[in-house]
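Comments concern the structure below.
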């Protein structure tokens, strides 16, 4: 088993992941992100600061691209949480980790390319991660929002 977050094969992916605002990193060459390969597959493991304002948005974006981009564009990757037994160690602030796993049929560099083209741009800009819905601004005035909602309810009632 090879395990080394700074390993050249993982460099592009690790460097990209380290730029995501909610990911916990350090000053090491591997940014505190572990990576390895074993039995014809590879993995990258990291932590997300679950107290960060964008933590769950980062989880959702990564899960969307890595687990289920679309029916036609399924990647061979799996993104999931990992944890030692909480009753022995402690809560998610310290012990909840995240892993990307992939068979060797797709390289870590190719996964980085997919993420780079589909996550908010620039990926290290927190403002880019905020969607219009986060501030409740959908481009409609409060009156238009209310009319739209009433129209939808009336349409539903009319059908019954």
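Looking at 35, 18, can you tell me which residue is buried (at least 17 other Cβ atoms within 10 Å of the Cβ) and either more than 18 Å from residue 98 (Cβ to Cβ) or more than 15 Å from the chain's Cα centre (by Cα) (or both)? Exactly one residue qualifies, and that residue is 35. Once the stretch 45-56 is narrowed to residues that are closer than 17 Å to residue 123 by Cβ and either out of contact with any helix residue (DSSP H, G or I) (no Cβ under 9 Å at 6 or more places or on another chain) or modelled with pLDDT under 95 (or both), the residue that is surrounded by the most Cβ atoms within 10 Å (Cβ to Cβ) is 55.
Pairs are defined by a Cβ separation below 7 Å, a sequence spacing of at least 6 or placement on different chains, a first member in the stretch 111-133 that is more than 14 Å from residue 62 (Cβ to Cβ), and a second member that is modelled with pLDDT under 95 and not in a loop (DSSP other than H, G, I, E, B); the pairs so defined are 121/128; 122/128.
Tell me which residues, restricted to the stretch 92-110, are assigned to a helix (DSSP H, G or I) and touching a residue at least 24 places away in the same chain (Cβ under 8 Å).
Residues satisfying the conditions are 92, 93, 108, 109.
In the stretch 92-115, the condition of being touching a strand residue (DSSP E or B) at 6+ places or on another chain (Cβ under 7 Å) and surrounded by fewer than 14 Cβ atoms within 10 Å (Cβ to Cβ) is met by at least one residue. Report yes if residue 123 is modelled with pLDDT of 95 or more, assigned to a loop (DSSP other than H, G, I, E, B) and within 18 Å of the chain's Cα centre (by Cα), otherwise no. Yes, satisfied. Residue pairs whose Cβ atoms lie under 6 Å apart, sitting 6 or more positions apart in sequence or on different chains, and linking a residue in the stretch 36-59 that is in contact (Cβ under 8 Å) with a residue 60 or more places away in the chain to a partner that is in a loop (DSSP other than H, G, I, E, B) and surrounded by 18 or more Cβ atoms within 10 Å (Cβ to Cβ), are 54/21; 54/22; 58/20; 58/22.
Which residues, taken from the stretch 26-44, are out of contact with any helix residue (DSSP H, G or I) (no Cβ under 8 Å at 6 or more places or on another chain), within 25 Å of residue 110 (Cβ to Cβ) and outside any strand (DSSP E or B)?
28, 29, 32, 39, 40
Conditions tested, residue by residue: (1) farther than 23 Å from residue 52 by Cβ; (2) touching a helix residue (DSSP H, G or I) at 6+ places or on another chain (Cβ under 7 Å).
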site: 63; (1), (2): no, no
site: 72; (1), (2): yes, no
site: 100; (1), (2): no, yes
site: 115; (1), (2): no, yes
site: 119; (1), (2): no, yes
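The values are calculated or read from the model by the stated rules, or taken from the named source; none is laboratory data. The model shown is predicted, which means the values in this text are computed figures rather than measured ones. A quick note on method: Cβ atoms are made from the backbone with ideal geometry, for glycine too, and the neighbour counts reach across all protein chains shown.
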